[in-house]
Each structure stands twice: as C-alpha cells, then as structure tokens.
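The values are calculated or read from the model by the stated rules, or taken from the named source; none is laboratory data. Predicted, not measured: the structure shown is a model, and the values here were computed from it. Note that we place each Cβ from the backbone using ideal geometry, even for glycine, and neighbour counts take in every protein chain shown. Keep in mind that these areas ignore ligands, DNA and RNA; they rest on the heavy atoms of the full protein, side chains included. Shrake-Rupley method; radii C 1.70, N 1.55, O 1.52, S 1.80 Å.
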Amino acid sequence: MHNLFVCPEAFLSDEQKLATEDDDVFHFISYLPVGGWLYEQHRLKSGPVDHGVTSSWLSNVGKVIQQQISEYSPSKIQFNLLVVIGDWYKILGENITTIDANITKLMRQLEALQLDN
C-alpha cells in the first residue's frame, strides 16, 4: 500500500516551498541487522540509531516499528512498509541443497534398515 489512505490532495499543489521542522514530510527509514545489532537509518537523524543486540531480527524490528507507530495519534495513517529481503534464488537454492542432503541421508538409513531385515 503506497499512501492508499492518504487524501490525494496532499500531493496536488502548485505551491513550492521548503519544508520546515513543523511540516509533515515523507521520508524513509530503514532497519538493518549488522553484526548481531539492530540499526535504524533515518534521514532526519544525524546518524544510525542503535536499537541494541538482536538474536531474532524480524521479532526485534517488528517491536521497534510498532513502538514507533504507537507514538502517533491513531488518526495518523500515513505509514507505509516496504520489505527488502535477500536473494530468493540463493535462499531457495540453499534450501534445496539442504533438502537434497536430508533425502540422501534418509535413503541411506532406509537401505540400512532393509539390509537388516
């Protein structure tokens, strides 16, 4: 959903002006797991925000995002979430390799059981 619930008038303006600190501006925030730590990259902040050690990136980033959204009024629905993941081809290839290894192992165990009978 990209600004699905925001009034289209928010985007239509012939007036050009520079945003001030009091203006609502659209910007992007990214969350990155780096070396076991969760960092937030936020263009309106001077540097990365450290959210601490993370053993489960998805669980931790979900809590951080929910906490940040809860700081706004429920009537503020100007949030979008974009997920960027690793290379699916590589991930699925690794899964296939693991499954193939498990099948080979099970076949050997099955053959061993058949030889015992």
Condition met for LEU115 (part of a helix (DSSP H, G or I), open to solvent by 90 Å² or more (accessible area, probe 1.4 Å) and at pLDDT below 90): yes
Single residue of GLU21, GLU9, GLU15 found to be assigned to a helix (DSSP H, G or I), open to solvent by 80 Å² or more (accessible area, probe 1.4 Å) and modelled with pLDDT under 70: GLU9
Inter-residue pairs, beta-carbon under 6 Å, first in contact (Cβ under 8 Å) with a residue 24 or more places away in the chain and within 19 Å of GLN66 (Cα to Cα) and in the stretch 34-54, second open to solvent by 40 Å² or more (accessible area, probe 1.4 Å) and not in a strand (DSSP E or B), 6+ apart: LEU38/ASN60
Leading residue by the ranking (nearest to LEU81 (Cα to Cα)) among those in the stretch 34-51 that are under 13 Å from the mean Cα position of the chain (by Cα) and either open to solvent by less than 60 Å² (accessible area, probe 1.4 Å) or modelled with pLDDT under 85 (or both): GLU40
The stretch 52-91 - residue that is in contact with a Gly (Cβ under 8 Å, 6 or more places away or on another chain) and in a loop (DSSP other than H, G, I, E, B) and, of those, most open to solvent (accessible area, probe 1.4 Å): SER55
